Amino acid sequence: MTKTKEQDFLIKNVIATIVGYLAEDEGITIEEAFKVFFSTKLAKKIEDVETGYYWESPSYTYEILKEELVK
């Protein structure tokens, strides 16, 4: 399935917000937070419109990320 412009906007917004949360919580730079985020399974799921993760709130999705990072 091809992403619409609206889906792409939502995906980028969710990712940017999650990366901001991660940088703040971990005391790391935005660049480091992006590296951490894009090394996770969740990053792939958010970018896949079929999963619907892009539609979830960033705070909810960030909680999922935190769980993945402690495993």
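What number comes out for the charge environment of residue 32, summing +1 per Lys or Arg and -1 per Asp or Glu over other residues with Cβ under 13 Å away? With Lys, Arg at +1 and Asp, Glu at -1, the neighbours total -3. Note on the chain: with charges restricted to the Cβ of Lys and Arg (+1) and Asp and Glu (-1), its dipole about the Cα centre is near 220 debye. In this structure the amide hydrogen of residue 3, modeled in the peptide plane, comes within under 5 Å of no amide hydrogen from residues 5 or more places off or on another chain. Here the stretch 14-70 was treated as a single set of alpha-carbon atoms; its pair distances binned every 5 Å from 0 give 4, 22, 34, 27, 10, 3, 0 percent.
No value in this document is a laboratory result; all are computed from the given coordinates. It should be emphasised that the depicted structure is a prediction, and the values quoted were computed from it without experimental measurement. Reconstructed Cβ throughout: ideal geometry from the backbone, glycine too, with neighbour counts over all protein chains shown.
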